[in-house]
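K.L.:
This is the structure I have questions about; it appears just below.
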Amino acid sequence: MVNKVWLHHNSWDEVAEYLKRSQVIIIPVGSIEQHGEHLPLGTDTMVAEAIAQSVAEQAGVLTAPAVSYGWSPHHMVLPGTVTIRPEVLIEYLYDVIESLAQHGFKKFLLLNGHRIVNISWMQIAGERAKRKLAVDVLVADPAYLSKELAKQEGMGLIGHADELETSHMLYVRGEFVQMEKARDFSHQRPDYKQVDPRVEKDTLCYVPSTKEEMGESVRAAGGTSGQPTRSSVEFGAKYHDWVVAKLVTIIKEWQISN
């Protein structure tokens, strides 16, 4: 177990000592974007950081500081959102990996807090790193790692600032949640436009909405989609522990592999 799990909380010689026993590092990736009126703009980054810290503590590995910005063109419909071009994010993340690889890190867990919108550019950066730097890269997304749990608990399909995200925030950063402002809203989408990984029917691939298309959820519920009023600290804790346990198991198996 490392005493300080965040890379930037350690001195260079402590990192050098860590590299004698492990070459694994987590890189959480989030976004700064609107999450309805009841959740903060930094929700995706906060949940990625919370999961990364718990995994690092339990698996005895280090986590890098979060990449706090993501690709959020559709959420520019509301104030405070920051969107970074995917081509810039690819270069940024690759440079982080390349820097750490030069020091001896060989296994990178890219932990996404921004759901499906971040995944494509994270995969591109990860593939380039594997090919050019001879490192191993895994991309982890909590929505994919909790499909069984969400089904067991009867959670609705993935929305935005929905019951799953809100429950998780209630558990990890409850001081920023304003439940009195939470409003439910469900898009009336055809089956082929659903993006939840639990959907078993035939679907199209996701393309971010335009600001005009986002207008419906903005007018109906301040940018929310889903049922955040169903949220609970209890489910947030169960969800957090479930995802963390999955990732700890993956890292422990990864540690002993070549």
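The values are calculated or read from the model by the stated rules, or taken from the named source; none is laboratory data. Quick caveat, the model's predicted, so the values are computed rather than measured. Note: ideal-geometry Cβ built from the backbone for every residue, glycine included; neighbour counts use all protein chains shown.
K.L.:
For Met155, only one of the following conditions fails: (1) within 28 Å of Val61 (Cα to Cα); (2) in a loop (DSSP other than H, G, I, E, B); (3) out of contact with any Gly (no Cβ under 8 Å at 6 or more places or on another chain). What is its number?
P.N.:
Just one mismatch for Met155, condition (1).
K.L.:
On the given criteria, is Glu37 at pLDDT 95 or above, in a helix (DSSP H, G or I) and surrounded by fewer than 19 Cβ atoms within 10 Å (Cβ to Cβ)?
P.N.:
no
K.L.:
With (1) within 15 Å of Leu109 (Cα to Cα); (2) in contact with an Asp or Glu (Cβ under 9 Å, 6 or more places away or on another chain) as the list, and Glu253 as the residue in question, which single condition is left unmet?
P.N.:
For Glu253, the failing item is (2).
K.L.:
Scan region 209-248 residue by residue and report those that are more than 20 Å from Glu175 (Cα to Cα), over 18 Å from the mean Cα position of the chain (by Cα) and assigned to a helix (DSSP H, G or I).
P.N.:
Selection gives Gly215, Glu216, Ser217, Val218, Arg219, Ala220, Ala221.
K.L.:
Could you list, in sequence order, the residues of region 200-240 that are surrounded by 13 or more Cβ atoms within 10 Å (Cβ to Cβ), out of contact with any Phe, Trp or Tyr (no Cβ under 7 Å at 6 or more places or on another chain) and free of Cβ contacts under 8 Å to residues at least 40 places away in the same chain?
P.N.:
Passing the criteria: only Glu216.
K.L.:
Could you please give the count of residues in region 46-70 that are farther than 19 Å from Val96 by Cα and either within 14 Å of the chain's Cα centre (by Cα) or in a helix (DSSP H, G or I) (or both)?
P.N.:
9
K.L.:
Determine, yes or no, whether Tyr171 is more than 16 Å from Ala143 (Cβ to Cβ), at pLDDT 95 or above and surrounded by 15 or more Cβ atoms within 10 Å (Cβ to Cβ).
P.N.:
So Tyr171 fits the description; yes.
K.L.:
Considering only residues that are touching a Leu at 6+ places or on another chain (Cβ under 7 Å), within 15 Å of Ile251 (Cβ to Cβ) and buried (at least 19 other Cβ atoms within 10 Å of the Cβ), which ones fall in region 111-138? Let's see the steps before the verdict.
P.N.:
Pass one, region 111-138, residues touching a Leu at 6+ places or on another chain (Cβ under 7 Å): 121-122, 125-126, 137-138.
Filter once more, keeping what is within 15 Å of Ile251 (Cβ to Cβ): 137-138.
Matches in region 111-138: Val137 only.
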